[in-house]
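J.: Here it is: the structure, laid out below.
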Amino acid sequence: MSEEKAASTTHALIFELEYVATATRKVEFESIKSAVGTKGVELSPIAFARSGMSPLHRPAITAVLLQAGKKADAIEKAVAEVDKKVSAFCANEAELDAGLEKLIKATMARGIPVVAFSALPESDAKALMAKLGLDEMGVELLIPEEIKDSFPRADDWLKMLKQCGKENSTLVAVVSSQVACKGALTAGAACIAVPDEFTSYQDFSGAKMVLDTLADEKPDVMLDLTLRM
């Protein structure tokens, strides 16, 4: 077995598609803010962060309304509005994070496979992969078989790794939230955390690196540190 083939079967890089590859969480905030505004709720970035920021829009809107002391009923229109805006962003407006692009290329140059996982509906995830050019780069898309209100926790990571045949691989996970980081660490991954404006206050203890952007560090430095597990 060649050294490149050995690396591809024993190691893997996996990242959050919508929150690491591009800025979907900001779009979710703006669209949820607009949607709950019709119910008399003025959503601030801090209130959004405290709501739990579920990747599923119905639970996300429900949490925001309940937190504001409002009833979370008759929200179908609000959910549809958020779904529509996020879908449009994925298909037409999203841009690939430049630091992640360099990291992916450096990883693949070592013969290591790269996987993007997503809590988006499959159609939106595929549209986003195409818009960002990740499918052309050879990044594998993983759509989890089950997505919970709080995702991805440790059991979600274990299921995803089994689903894509990486449960025995040395794993490097690039994540944006405390939930994703803690879950990946529990599943045995080395983590590179890249918080956004809504998750920067969260606890990323245990991560190998916590960066403002992936462009802040050279890809080979990140890989040398995390692949030595």
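J.: What are the residues in segment 35-62 that are at pLDDT 95 or above, of a type in the set (Ser, Thr, Tyr) and over 24 Å from residue 118 (Cα atoms), if any?
T.: 44
J.: Any idea which of (1) touching a residue at least 40 places away in the same chain (Cβ under 8 Å); (2) open to solvent by 50 Å² or more (accessible area, probe 1.4 Å); (3) not in a helix (DSSP H, G or I) is the one residue 105 doesn't satisfy?
T.: (3)
J.: Confirm whether residue 162 is over 15 Å from the mean Cα position of the chain (by Cα), among the basic types (Lys, Arg), modelled with pLDDT under 95 and in a loop (DSSP other than H, G, I, E, B).
T.: When the stated conditions are applied, residue 162 does not pass them.
J.: I'd like to check something: does segment 83-104 contain any residue that is under 24 Å from residue 173 (Cβ atoms), in contact with a strand residue (DSSP E or B) (Cβ under 6 Å, 6 or more places away or on another chain) and modelled with pLDDT of 95 or more?
T.: Checked segment 83-104: at least one residue is under 24 Å from residue 173 (Cβ atoms), in contact with a strand residue (DSSP E or B) (Cβ under 6 Å, 6 or more places away or on another chain) and modelled with pLDDT of 95 or more.
J.: Among the residues of segment 203-216, which ones are in a loop (DSSP other than H, G, I, E, B) and surrounded by fewer than 16 Cβ atoms within 10 Å (Cβ to Cβ)?
T.: 203, 205, 206, 212, 213
J.: Do you know which residues across segment 167-189 are part of a loop (DSSP other than H, G, I, E, B) and among the hydrophobic types (A, V, I, L, M, F, W, C)?
T.: 187, 189
J.: Output the residues belonging to segment 185-201 that are crowded, with 16+ Cβ neighbours inside 10 Å and without any contact (Cβ under 8 Å) to a residue 40 or more places away in the chain.
T.: Hits for segment 185-201 are 185, 187, 188, 190, 191, 192, 193, 195.
J.: While we're on this one: Checking residue 154 against (1) open to solvent by less than 60 Å² (accessible area, probe 1.4 Å); (2) farther than 24 Å from residue 96 by Cα; (3) out of contact with any Lys or Arg (no Cβ under 8 Å at 6 or more places or on another chain), which test does it fail?
T.: The failed condition is (3).
J.: Applying the selection to segment 117-157, what residues are under 19 Å from residue 13 (Cα atoms) and polar (S, T, N, Q)?
T.: Within segment 117-157, just 118 meets the criteria.
J.: Out of all the residues in segment 131-146, is one or more in contact (Cβ under 8 Å) with a residue 40 or more places away in the chain, under 27 Å from residue 50 (Cβ atoms) and open to solvent by less than 30 Å² (accessible area, probe 1.4 Å)?
T.: Checking segment 131-146: not a single residue is in contact (Cβ under 8 Å) with a residue 40 or more places away in the chain, under 27 Å from residue 50 (Cβ atoms) and open to solvent by less than 30 Å² (accessible area, probe 1.4 Å).
J.: Here's a check for you: in segment 162-184, which residue that is among the β-branched types (Val, Ile, Thr) and open to solvent by 10 Å² or more (accessible area, probe 1.4 Å) is nearest to residue 218 (Cα to Cα)?
T.: Residue satisfying both the conditions and the ranking: 170.
The values are calculated or read from the model by the stated rules, or taken from the named source; none is laboratory data. All figures in this text were calculated on a predicted structure; none of them were measured in a lab. All Cβ positions, glycine included, derive from the backbone under ideal geometry; neighbour counts span all protein chains shown. Protein only, heavy atoms only, side chains kept; ligands, DNA and RNA dropped before computing areas. Shrake-Rupley method; radii C 1.70, N 1.55, O 1.52, S 1.80 Å.
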